[in-house]
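One structure below.
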Amino acid sequence: MDIKVVSPLEVQDKYWDSDTLSYRRTTTVPAAEQKRLPEQIAAIIERAQKTFTDKADCRWMKQVIEDVLYPVRAFERNHPNLLARVHEYLEKFDGAERTKEHIVRFERKEVYVLYGCKEPTYGDPFFLTSEERNILYDADLSNNPKLAVIRDIFMFHCYVGCRVGDLYRLTRDNIKDGFLEYMPQKTKKCEAKTVRVPLHEKALKILERYDANADRLFPFKQIHTYNLGIRELLKRCGLDRMVTILDTHGYNTVQKPLYEVASSHTARKTFVGNLYRQVPDPNLIASMSGHVEGSRAFSRYRTIDDDMKRRLVEMID
């Protein structure tokens with residue numbers, strides 16, 4: 001089947017290689033542009049392969065291109081705004097006509113106001129390297145018992161990778177035969193599954209320091225206090241590596257020291273990120289992190305490690 005449509009993508013023909021669908025080596029075209037275009041083309045081809053049917057036509061192909069290049073439009077098309085929901089409600093409404101008239105008046109009044117949720121924006125995940133994690137684990141905090149407790153909780157958290165809400169619910173009953181076993185609350189309604197994580201020897205040593213008969217696994221504090229304690233811990237141990245994060249609006253990136261932006265979620269990212277460096281198998285890692293299949297947040301880890309890419313290239317004969 002031969003389908004031809006025009007896309008909004010433009011290239012500088014003088015430097016474009018139509019066989020490899022990428023730019024030839026040149027300094028005329030900015031490096032970011034040289035990287036962006038092949039990635040967009042590859043994404044369009046991948047989407048076309050996944051959604052192709054014997055009914056494919058030009059309209060379908062245009063939609064494929066738009067969905068890849070303008071994901072926000074695709075999100076809004078698949079997630080109706082408030083006015084669309086109002087119309088849907090009116091079609092099924094079986095109450096008093098007077099009530100229905102009020103709803104219609106609201107709809108007409110608000111006809112130029114569109115509501116909707118934008119697709120969430122994620123940055124590249126930052127996390128502790130195994131070396132940085134070990135610095136925290138080995139730190140002498142004997143003169144600060146409160147911070148030592150924060151360190152123990154955070155280290156255990158880095159070795160099991162659960163969400164902080166699940167961490168706070170854990171008890172000794174969740175420890176079975178050397179495994180941590182729990183059901184993630186966030187995904188419980190859409191995918192009720194039990195997560196089992198083998199406990200690292202360091203995680204087991206941390207547990208030995210705390211009362212096995214206590215109601216909870218650790219003497220937890222409020223999550224806000226936990227987050228502040230994590231940042232104090234990293235600063236005290238000199239973990240000031242600069243990391244790139246998205247600002248609060250998700251439009252610009254900023255550089256900040258690790259100890260200023262670390263939080264309870266950093267432990268989860270440390271667990272996933274370091275596992276992915278060793279074994280880049282999303283299904284295996286997701287079975288221990290509790291991510292649902294197709295999670296956009298999880299997919300970010302596929303681009304985290306240049307060293308892993310270098311090792312793969314070195315394997316080429």
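With the requirement that a residue be aliphatic (A, V, I, L, M), in contact (Cβ under 8 Å) with a residue 60 or more places away in the chain and in contact with a Lys or Arg (Cβ under 8 Å, 6 or more places away or on another chain), what does the range 221-244 give you?
Going through the range 221-244, the residues aliphatic (A, V, I, L, M) turn out to be 223, 228, 230, 233-234, 239, 242-243.
Pick out the ones that are also in contact (Cβ under 8 Å) with a residue 60 or more places away in the chain and you get 230, 233-234, 239, 243.
Correct list: L233, V243.
Only one of (1) open to solvent by 40 Å² or more (accessible area, probe 1.4 Å); (2) within 22 Å of the chain's Cα centre (by Cα) fails for L167. Which number is that?
For L167, the failing item is (1).
Is it true that L128 is modelled with pLDDT of 90 or more, touching a helix residue (DSSP H, G or I) at 6+ places or on another chain (Cβ under 9 Å) and in a loop (DSSP other than H, G, I, E, B)?
Answer is yes for this residue.
Of all residues in the range 41-59, which are among the hydrophobic types (A, V, I, L, M, F, W, C) and touching a residue at least 40 places away in the same chain (Cβ under 8 Å)?
Of everything in the range 41-59, those that are among the hydrophobic types (A, V, I, L, M, F, W, C) and touching a residue at least 40 places away in the same chain (Cβ under 8 Å) turn out to be A56, C58.
Which ones in the range 1-36 are free of Cβ contacts under 8 Å to residues at least 60 places away in the same chain and among the small types (G, A, S)?
Once the filter is applied, which keeps residues that are free of Cβ contacts under 8 Å to residues at least 60 places away in the same chain and among the small types (G, A, S), the range 1-36 yields S18, S22, A31, A32.
Of the residues I65, I3, only one is within 30 Å of Y112 (Cβ to Cβ) and of a type in the set (A, V, I, L, M); which?
I65
Open to solvent by 60 Å² or more (accessible area, probe 1.4 Å), modelled with pLDDT of 75 or more and not aliphatic (A, V, I, L, M), is that true of T28?
yes
Mind checking which residues of the range 41-63 are among the aliphatic types (A, V, I, L, M) and either under 24 Å from the mean Cα position of the chain (by Cα) or open to solvent by 70 Å² or more (accessible area, probe 1.4 Å) (or both)? Explain how you work it out, then say what you get.
Here is the first cut: in the range 41-63, the ones among the aliphatic types (A, V, I, L, M) are 41-45, 48, 56, 61.
Of everything in the range 41-63, those that are among the aliphatic types (A, V, I, L, M) and either under 24 Å from the mean Cα position of the chain (by Cα) or open to solvent by 70 Å² or more (accessible area, probe 1.4 Å) (or both) turn out to be I41, A42, A43, I44, I45.
From the list Y168, Y115, Y159, exactly one residue is outside any helix (DSSP H, G or I) and either of a type in the set (F, W, Y) or at pLDDT 95 or above (or both). Which is it?
On the way: Y168 fails: outside any helix (DSSP H, G or I); Y159 fails: outside any helix (DSSP H, G or I).
None of the others qualify; the one that does is Y115.
Can you work out which of the residues in the range 215-240 that are modelled with pLDDT of 95 or more and among the basic types (K, R) is nearest to the chain's Cα centre (by Cα)?
Filtering first and then ranking leaves R231.
In this structure, is S22 open to solvent by less than 80 Å² (accessible area, probe 1.4 Å) and closer than 24 Å to N78 by Cα?
In short, no.
Does E10 satisfy the criteria of being open to solvent by 80 Å² or more (accessible area, probe 1.4 Å) and within 24 Å of the chain's Cα centre (by Cα)?
So E10 fails the test.
Going by the conditions given, is Y210 surrounded by 12 or more Cβ atoms within 10 Å (Cβ to Cβ) and within 23 Å of D138 (Cβ to Cβ)?
Answer is yes for this residue.
The values are calculated or read from the model by the stated rules, or taken from the named source; none is laboratory data. Everything quoted here is computed from the prediction, not taken from an experiment. Note that each Cβ is placed from the backbone with ideal geometry, even for glycine, and that neighbours are counted across all protein chains shown. The accessibility values were calculated without ligands, DNA or RNA, using every heavy atom of the protein model including side chains. Shrake-Rupley method; radii C 1.70, N 1.55, O 1.52, S 1.80 Å.
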